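Following: one structure in structure tokens, then a few remarks.
The values are calculated or read from the model by the stated rules, or taken from the named source; none is laboratory data. All of these numbers come straight from a predicted model, not from anything done at the bench. Ideal geometry is used to build each Cβ from the backbone, glycine not excepted, and the neighbour counts take in all protein chains shown. Ligands, DNA and RNA are stripped out before the accessible areas are found, and what is left, the full protein with its side chains, is counted by its heavy atoms. Shrake-Rupley method; radii C 1.70, N 1.55, O 1.52, S 1.80 Å.
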Amino acid sequence: MKKSLLLFVVVLFIHSCGIKNTQNLVNEGDYDAAISRAVDGLRSNKNAKGKQDYVYLLEEAFAKAKERDTNSIRFWEQEANPQNLEKIYTTYVALANRQDQIAPLLPLQLLKENKNAKFIFSNYNSEIITSKQKLSIYLYENSKALLLTNNKSNARRAYDDLDYLNRINPNYKDTAKLMTEAQNKGTDYVKVVLQNDTNQLIPLQLQRELMDFNTYGLDQKWMVFDSNIQKGVLYDYSLVLNFKQIDISPEQIKEKEFVKEKQIKDGLKALVDSRGKTVKDSLGKPVMVDNLKTIQIRIYEFYQFKACHIAADVNFIDLKSNQLLNSFPLATESVFENTYATYKGDRRATESEYYATFERRALPFPNNEQMVYNTAADLKGKFKAIISRNTFTRN
């Protein structure tokens, strides 16, 4: 009984909160949010007495939303500004959608007044078609005018408008063709160059990987990176990865010799006193204790080391003004190291964790080319990060 009462109180509290929130939305003029909340509240058991507040609020919000939108449309039409054509079209669509949202619930009863709630619906099909046609003509003609300016910003605006036109009115005239033109005119073409100002050779495979922009996953809408310079393409920018310094340390082998001792248990022995006599227990038997002995190991440890450090710059250059727009330093390092050891004596004299070192052997040092390649593997990720994080176009 107590659980049922508690559940009833919780449901009543949630319901009252829902009503209050819906009323607040109406008071704030957020009619569509209020309508959505009221519709949700009426989806089940819509004619229940407890749902009457939702019915009244839905009726009020719908009427006020319709009045607001029709007044806005009249104002925009009188103003005769083509910039308002999209607002007129989308508002007519919103008016129709709002009716479609409520229609499945009708009729809705007002129990106290013994009548149905009043929702005056209108057919907006003609207005939607007419406003869409006017908007389509405007978007099309304005986009064509923007494309005549040969300005990248205008071309990008034209592309966005044409993309919207294609969504509301698919296959309108030659929209697809104009979108391709806008994409081409609005795109910045970037020439990617690798430059080596060091005395070290950069492996050919590494050059290919650094310049393979298909693997970078940049996919920038208005920027094309091209490491294979194409004839006939007017490049806007140059992206230069300039290797400034490649330092490779000599191959080093460091040796270290040390001795370790440890006491271990080696069976049992009779306990003797200070006079050298055997100590016996109460039964006359010798007292036995651990026989400890000292073991020793001589370890010969070898440490192999070779390092490579690369420093580079990423330079963004405006090819039209031949100015350096930005420059970012890049640095990365890789280390080859290997530790192994041999020993003489009893290996139990050292820690068991050290045993693995005895299993290792000397490894061949990587050559300089391989060191450069290994080091630059990290460079590619840093190179991509710089490009992804920074915008260096004029627009």
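General observations
- Among residues of the stretch 322-340 that are modelled with pLDDT under 95, those with a beta-carbon under 6 Å from a residue that is among the hydrophobic types (A, V, I, L, M, F, W, C) and not in a strand (DSSP E or B) at least six positions away or on a different chain give the pairs L325/F392; N326/F392; F328/I386; T332/L379.
- Only one of T357, T391, T375 that is among the β-branched types (V, I, T) and at pLDDT below 80: T391
- Test result for T198, among the hydroxyl-bearing types (S, T, Y), closer than 30 Å to H309 by Cβ and outside any helix (DSSP H, G or I): yes
- Checked against (1) at positive phi; (2) in contact with a strand residue (DSSP E or B) (Cβ under 6 Å, 6 or more places away or on another chain), N322 passes all but a single condition, namely (2).
- Qualifying residue in the stretch 364-384 (condition: surrounded by fewer than 16 Cβ atoms within 10 Å (Cβ to Cβ), among the hydroxyl-bearing types (S, T, Y) and out of contact with any Cys (no Cβ under 6 Å at 6 or more places or on another chain)): no
- With respect to (1) under 22 Å from N24 (Cα atoms); (2) more than 39 Å from the chain's Cα centre (by Cα); (3) not small (G, A, S), the lone exception for D40 is condition (2).
- Out of F358, F305, sole residue that is closer than 30 Å to E257 by Cβ and free of Cβ contacts under 8 Å to residues at least 24 places away in the same chain: F358
- Each residue in the stretch 48-87 was checked for being β-branched (V, I, T) and either in contact with a strand residue (DSSP E or B) (Cβ under 6 Å, 6 or more places away or on another chain) or surrounded by fewer than 18 Cβ atoms within 10 Å (Cβ to Cβ) (or both), and 1 of them qualify.
- Hits in the stretch 88-135 - residues which are touching a Leu at 6+ places or on another chain (Cβ under 6 Å) and either of a type outside the set (D, E, K, R) or loosely packed, with under 13 Cβ neighbours inside 10 Å (or both): Y89, L105, A117, Y124, L135
- Test result for V279, under 30 Å from K260 (Cβ atoms), at pLDDT below 90 and either in contact with a His (Cβ under 9 Å, 6 or more places away or on another chain) or of a type in the set (V, I, T) (or both): no
- Evaluation of H309 against the conditions (1) at pLDDT below 90; (2) not in a loop (DSSP other than H, G, I, E, B) shows that the sole unmet condition is (1).
- Failed criterion for F119 (all others in (1) on the phi > 0 side of the Ramachandran plot; (2) of a type outside the set (K, R); (3) in contact with an Asp or Glu (Cβ under 8 Å, 6 or more places away or on another chain) hold): (1)
- Selection from the stretch 149-177 of residues that are surrounded by fewer than 16 Cβ atoms within 10 Å (Cβ to Cβ) and within 21 Å of K221 (Cα to Cα): T149, N150, N151, S153, D160, D163, Y164, R167, A176, K177
- Of all the listed residues (D226, D219, D212), the sole one being at pLDDT below 90, acidic (D, E) and open to solvent by 80 Å² or more (accessible area, probe 1.4 Å) is D219.
- Pick from the stretch 300-358, criterion under 36 Å from the mean Cα position of the chain (by Cα) and among the polar types (S, T, N, Q), ranking: least open to solvent (accessible area, probe 1.4 Å): T332
- Screening the stretch 261-290 for residues that are closer than 30 Å to D346 by Cα and of a type in the set (V, I, T) and picking the one that is most open to solvent (accessible area, probe 1.4 Å) gives V272.
- Contact annotation: residue pairs with Cβ atoms under 9 Å, 6 or more positions apart or on different chains, pairing a residue in the stretch 59-76 that is touching a residue at least 60 places away in the same chain (Cβ under 8 Å) with a partner that is surrounded by 14 or more Cβ atoms within 10 Å (Cβ to Cβ) and among the aromatic types (F, W, Y), are E59/F119.
- Residue check for L239: open to solvent by 30 Å² or more (accessible area, probe 1.4 Å), closer than 30 Å to Q370 by Cα, of a type outside the set (D, E, K, R) and at pLDDT 85 or above: no
- Single match in K118, K112 (criterion: closer than 30 Å to E67 by Cβ, touching a residue at least 60 places away in the same chain (Cβ under 8 Å) and outside any helix (DSSP H, G or I)): K112
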